[in-house]
1. Which distance in Å, rounded to a whole number, links the C-alpha centroids of region 11-28 and region 44-75?
2. Can you work out ³J(HN,Hα) from phi for every residue in region 27-44, in order, using Karplus 6.51 cos²θ - 1.76 cosθ + 1.60 and θ = phi - 60°, giving whole Hz and x for Gly and Pro?
3. Can you compute the helix-only [θ] at 222 nm over the chain? Use -39500 (n - 2.57) per DSSP H run of at least 4 residues, normalise by all residues, nearest 500 deg cm²/dmol.
4. Go through region 203-285 and name the chymotrypsin sites (Phe, Trp or Tyr not before Pro) that are in a DSSP coil and have 11 or fewer other Cβ atoms within 10 Å of their Cβ.
5. Going Cα to Cα from LYS62, which lysines come in below 23 Å? Please leave out same-chain ones fewer than 8 positions away.
6. Which peptide among 241-248, 136-143 comes first, and what is the full order, when sorted by highest mean count of other Cβ atoms within 10 Å?
7. Scan region 1-85 for GluC sites (Glu not before Pro) in coil per DSSP, keeping those whose Cβ has at most 13 other Cβ atoms within 10 Å, and list them by number.
8. When the accessible area of the chain is computed with all protein chains present and a 1.4 Å probe, what percentage of it is carbon and sulfur?
Amino acid sequence: MTAASQDVVLYEVQGPLALITLHRPEYHNAQNSQMTYALDAALRRAVDDDAVKVIVLRGAGKHFSAGHDIGSPGRDVDQSFERVGLWPDHVGKPGGEFQFVREQEVYLGMCRRWREIPKPTIAMVQGACIAGGLMLAWVCDLIVASDDAFFSDPVVRMGIPGVEYFAHAHELNPRIAKEFLFLGERMSAERAWQMGMVNKVVPRDVLEDVTLDMARRIAQMPRMGLALTKQALNNAEDLMGKRATMDMVFGLHHFAHVHNELVSGDKLGGYDAKAMAGAQRKTEA
Ligand code: ZN
């Protein structure tokens, strides 16, 4: 099976639940554009199905998601896709426009769309939830993690102030967010739970049962009640500055990409997935 023909997102309905599975387990569910567009389509399908009350997002294999694809053979940053937002195609754009336009669409734009889905969403997280993986967990309303799950955003190593969907200061308190970003180290599921970033931590072997049980109980609530409650809390977060913070940091993020390009000739400061993992091992050793 080639990377292009493989189903990189799986969709399944179980009663009132839609189960959406990131499915590139051989690359720890690294997100290429093929995956983000497939995920967008799967979420739209769940929204359009009135029988679906709650959406569960999970990752196939050992890890939830190792982040954006910065090194697999299926990396597709130079390809055009049928876009879901109204930013133009990034392909062929000069200078910083290429990255800015692409990330407006596939990262910031899509993540915001997904956060605003008018149905409850639950991220079921095991193993690694790194950088772009955090974005997928954070856009969900609830996060249930297994006790072996860990969270990190190591992109400061690339000279970049956190991933594109900058919710760090709202998911964690700002001092802990600074520690999380300055060090780029793994935060355990237990610590994430203490910080209120995760709703529940359970043993790996019951992760699915506990998550689906929670989803089924939520599904007993009325659809409109759930949609309005979600909107109330999302709006409260935005009134606390979440959306404005994200817009401001998106500018800093793109200054960093362009600065990297000027200084090193590479938007990611010369790091690919392998170099990031190597550097990480050295610090954490
Ligand atoms: Zn970026």
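1. Going from one Cα centre to the other spans 6 Å.
2. For region 27-44, the Karplus curve yields 10, 6, 6, 4, 8, 8, 5, 3, 6, 5, 5, 5, 5, 4, 5, 5, 5, 4 Hz.
3. -13000 deg cm²/dmol
4. none
5. Within the straight-line limit of under 23 Å, LYS62 reaches these lysines: LYS200, LYS274, LYS282.
6. 136-143, 241-248
7. Hits after loop and neighbour filter: GLU82.
8. For the chain, the apolar C and S fraction of the accessible surface comes to 57 percent.
The values are calculated or read from the model by the stated rules, or taken from the named source; none is laboratory data. Computed from a prediction, not measured in an experiment: that's the story for all the values here. Backbone-built Cβ (ideal geometry, glycine too); neighbour counts: all protein chains shown. Remember, those area values only see protein heavy atoms, side chains included, never the ligands or the DNA or RNA. Shrake-Rupley method; radii C 1.70, N 1.55, O 1.52, S 1.80 Å.
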